[in-house]
Structures are given as structure tokens and as C-alpha cells.
Amino acid sequence: MATTESCLEIPEAGFSFDNCARNALLDKMGHVAPRFRKTGTTIVGLIFEDGVILGADTRATEDTTVADKNCEKIHYIAPNIYCCGAGTAADTEMTTNMISSNLELHRYTTGRPSRVCTANRMLKQYLYGYQGHISAALVLGGVDCNGPHLYSIHPHGSTDKLPYVTMGSGSLAAMSVFESRYKPNMKKADAMLLVKNAVEAGIFNDLGSGSNVDLCIIDRKQKVEYLRTYFEANMKGKRQGDYSFSPGTTAVISSKVRQISFDILSEEVQEVEGMEVS
């Protein structure tokens, strides 16, 4: 009887190129290699003098098709913590829901409000375990006993703590607005305008971002203002003319009727008994 140790194969050290010959053969046979999923989003965050402001667009895309014009990309994590998600919609939704549930159990156990660093650690450890295969790029913001905090969390698990962050396919356009106009300890109204303009820059310079601008403001008193459709960037245009045409507008040049003949292979007649009515 073979032992367990003799059945195990110890892998050789170094890189493995076993699939190179297989991939070359599949390519030679005409098989197209799978491509990565293209996603589009603009999500941003900013710390102002009295808290944190998160912003996001509302366009959901399926490759080059707009699947939803008014989706929610700002997700609830805790009463004092919210999170913007970019990437695959299912991954961002399920990841934030799971961390939100775990944080609620943590609050029940400890009897204390959740801290932003706790949510950040739980998210980064979860994403790192999947080595980037969960397509969720997040902007985490909130206020706790230590003040306002803002993190950017990448799909492979790395995080950054900065006064302003951007993520998604429109992040470069949004970051250019932040870098040119951000100032420390901004007033609430000025910070809201800056976040709106940053998301607008992503909307108008990135095909994967569009529709409206959503904002979420969390102040030092842990009061949350979730402003859906704070600004409608892409308004639907109005028709300039009448496009209804009366019958006969388009002339019929020619018409042809063709008789289709059928071959009757068999014919059967069935008798149906009458139904008695009392």
C-alpha cells in the first residue's frame, strides 16, 4: 500500500513554462486568447475640514454597451463608513456587502463603533488573498474617533492613505482636477464643487464613465448625506423635429408574390367526441 508521502509530487523550483507549448498550439489552430474585461468608472474621494466627501459617476457598462445609466457605486460599509467601487459590479457589490456584514458582527462583539482602519484592513486582506482576481478597486472613506480617513484599495490588496484619491478608468482626468485645485482644510461647499468637477472630468474624458454625479458627505459628527443624482452631467437631448411619417411616404418600386408549394406526405382525420353539457 502506497503511503501519502510517496503519492505527492514535489514541484520543481523556478518558473513553470508548461503551458507555453499548449498556448502556441491553440494559437496556431486559430483559437482566440481570452481578453481581460474592460470596465469603466470614475470614483473619487477628498478630505475637507469637517470630514470626507466621496463622489462617483453612475454609468455601468458591458464592454462597449451602456447597461445602466443610473447605478449606485457608493456602497454602505458602516454608519460612519462608505466605499466607492470600480471594476466588475458583482465583485464590488458582494465584497462591500461581506465586509459590511463582518463589521456589523464586530460592532456587536466589541460594543464600539467601527473604525475606518479596521474596514481597510479587512478589505485589503480579503483582496490580497485572491491575488487581484476579484476586480474591485475601492475608495474607502469615513470618520471615526481619530477623525476623517480616506484610503484607495487596489484589486491586488495594496492601499494608500491620502488626502484625495481617484480610481477607475477616468481617474487620470479626475486627478488632474484635484492636483490643480485641491487645498488643505477646504470648506464644505468648495470641496463638494471640487469633487463634482473631478467626477465631471472623468465623465467627459472617459467613454466608460457617464450619466450623473453622486456624492456622499460624512462629517465629524458622523452625519451622512448621500446625495443621489447631485448633478446631471449627461442630460438627454430633445428631439429637434417630427419623425413620424404618414403611410405611403416611401414609394414602392416593385413587388413580387411567390406561391410556396408543399408536398403532402400523409393526411389523417381524427374524430372528436362531443362534450356533454348538463
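The values are calculated or read from the model by the stated rules, or taken from the named source; none is laboratory data. Everything numeric in this text was worked out from a predicted model, so none of it was measured. Neighbour counts are summed over all protein chains in view; Cβ atoms, including those assigned to glycine, are modelled from backbone coordinates with ideal geometry. To get the accessible areas, we keep the full protein, side chains included, count just its heavy atoms, and leave off ligands, DNA and RNA. Shrake-Rupley method; radii C 1.70, N 1.55, O 1.52, S 1.80 Å.
Scanning region 36-81 for residues that are touching a Cys at 6+ places or on another chain (Cβ under 9 Å) and open to solvent by 30 Å² or more (accessible area, probe 1.4 Å) yields R59, Y76. Just one of (1) in contact with a strand residue (DSSP E or B) (Cβ under 8 Å, 6 or more places away or on another chain); (2) closer than 17 Å to A86 by Cα; (3) part of a loop (DSSP other than H, G, I, E, B) fails for H156. It is (1). Checking each residue in region 52-70 for being part of a strand (DSSP E or B) and of a type outside the set (S, T, Y) picks out V52, I53, L54, G55, A56, D57, A60, E62, V66, A67, D68. Residue-level analysis places E5 outside the set of residues that are in a loop (DSSP other than H, G, I, E, B) and either modelled with pLDDT under 75 or open to solvent by less than 70 Å² (accessible area, probe 1.4 Å) (or both).
Every listed requirement among (1) free of Cβ contacts under 8 Å to residues at least 24 places away in the same chain; (2) closer than 30 Å to C84 by Cα; (3) among the basic types (K, R) is met by R220 save one, (1). Being of a type in the set (S, T, N, Q) and either touching a Ser or Thr at 6+ places or on another chain (Cβ under 9 Å) or outside any helix (DSSP H, G or I) (or both) is the filter here; which residues of region 78-129 pass it? Within region 78-129, N80, T88, T92, S114, N120 meet the criteria. Against the list (1) on the phi < 0 side of the Ramachandran plot; (2) surrounded by fewer than 21 Cβ atoms within 10 Å (Cβ to Cβ); (3) outside any loop (DSSP other than H, G, I, E, B), the condition T229 fails is (1).
Within region 130-153, the residues that satisfy the criterion of being at positive phi and either hydroxyl-bearing (S, T, Y) or not in a strand (DSSP E or B) (or both) are Q131, G132.
If you check T166, T110, T88 for being closer than 28 Å to K236 by Cα, surrounded by fewer than 20 Cβ atoms within 10 Å (Cβ to Cβ) and of a type in the set (S, T, N, Q), only one passes: T88.
Quick test for you: out of F204, F178, pick the one residue that is without any contact (Cβ under 8 Å) to a residue 60 or more places away in the chain and not basic (K, R). So that I can check it myself, show each step before the final result.
Working: F178 fails: without any contact (Cβ under 8 Å) to a residue 60 or more places away in the chain.
None of the others qualify; the one that does is F204.
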